[in-house]
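This report refers to the structure that appears directly beneath it.
The values are calculated or read from the model by the stated rules, or taken from the named source; none is laboratory data. In this text the structure is predicted, and so the values were computed from the model without any measurement. Ideal geometry is used to build each Cβ from the backbone, glycine not excepted, and the neighbour counts take in all protein chains shown. Accessible surface areas use protein heavy atoms only, side chains included; no ligands, DNA or RNA. Shrake-Rupley method; radii C 1.70, N 1.55, O 1.52, S 1.80 Å.
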Amino acid sequence: MRFCVLTIFPEMFDAFAGHGIMRRAVESGKIRLEPVNIRDFAEGRHKVTDDRPYGGGSGMVMKPEPLAAAIQKAKSELSQAPVVLLNPQGRCFDQEMARQYAACSEMIFVCGRYEGLDERICEAYVDDEISIGDYVLTGGELPAMVVMDAVIRHIPGVLGAEDAAECDSFSAGRLEHAHYTRPAVFGKNQVPEVLLSGNHGAIEDWRRESALLRTVLRRPDLFDQKGLTEPEKKIVQKWCRRLEALASD
Ligand code: 9D3
């Protein structure tokens, strides 16, 4: 998959591409990440990329000409790519969108700075506008990295085999169970006995219950979206029996 990222801060992407799973994916050729400096498409001695807003007010707006030239260049190289603007007013990014975008062979990201882009660029060139959540950042670069990170995990071979994205509990509408590693006793806290038992059926049951309890307590919104599976119904019935026993004493 090829990503072209239009930004006035291309160096921000060096750390992202230089570490961990992203680095491996780049080195193995599964991913190509090409940051493009919008400033390279600006005219004049000062290579200006922003200007004052028509109608007045504070803040600056990204000029349309350098953006249009940069987007056209990117589209000439990545002809299949949707043009995605990172925008706090866009649709909120989620796992389903990550999965859908992973089916693309190419993507072009436009990272806004200042107050945003001249609206005519959005109308003429942008296919989708994505926000990563309801909080205010200083630009679209971190959101572009967030979106790429979530998308590449779905590309076959990018994750280790045992860690395939389809297995992610988020995909199943549940949080993951708690995790433990050695030592078996840490301070006053012991790893749940069942995880040391080697009884794989019992371990699976414990994990299912741990996942269900966390989801109910921490993310009831996820819990509501999807009905209970048969094994989960059994767990909830067990909880009910215990609570009734508690209440009747
Ligand atoms: C002070 C300017 N803001 C008025 C409340 C508008 C504004 C413009 C540009 C706010 C933030 C930004 C920079 N943010 C992004 O480009 C951005 C973003 C974000 O801030 N939050 C969540 N997702 C995204 S995607 C792009």
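Key figures
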{"quantity": "Potential lengthening between residue 249 and residue 176 on full extension [0.36 nm per residue; Cα-Cα distance subtracted]", "calculated": "22.9 nm"}
{"quantity": "Cα long-axis angle, helix 141-152 against the chain (0 to 90 degrees, to the nearest 10)", "calculated": "50"}
{"quantity": "Built amide H within the under 5 Å cut-off of residue 33, gap 5+", "calculated": "3"}
{"quantity": "Solvent-accessible area per residue for the chain (1.4 angstrom probe, square angstrom)", "calculated": "61"}
{"quantity": "Rounded percent of accessible protein surface that carbon and sulfur make up, the chain, 1.4 Å probe", "calculated": "53"}
{"quantity": "Residue (of 235, 190, 200) at the positive-pole extreme of the stretch 185-248, dipole from beta-carbon charges", "calculated": "190"}
{"quantity": "Only Lys, Arg (+1) and Asp, Glu (-1) charged, at Cβ; the stretch 1-160 dipole about Cα centre in debye", "calculated": "440"}
{"quantity": "Beta bridges by DSSP in the stretch 2-152, antiparallel share as percent, to the nearest 5", "calculated": "10"}
{"quantity": "Expected 222 nm ellipticity per residue - DSSP helices of 4 or more, -39500 (n - 2.57), all of the chain, to 500", "calculated": "-12000 deg cm²/dmol"}
{"quantity": "Dipole of the stretch 88-202, positive end: most advanced residue of 114, 104, 177 [Cβ charges, Cα centre]", "calculated": "177"}
{"quantity": "Listed peptides 90-97, 9-16, 31-38 by packing density, highest first (mean Cβ within 10 Å)", "calculated": "31-38, 9-16, 90-97"}
{"quantity": "Percentage relative contact order, the chain, counting C-alpha pairs under 8 Å, at least six apart", "calculated": "17"}
{"quantity": "Unit charges at the beta carbon, dipole of the chain: most positive-side option, 18, 42, 4", "calculated": "18"}
{"quantity": "Efficiency of FRET between residue 54 and residue 15 - r from beta-carbon atoms, R0 22 angstrom, step 0.05", "calculated": "0.05"}
{"quantity": "Unit charges on C-beta of K, R, D, E only; dipole of the stretch 185-248, Debye", "calculated": "140"}
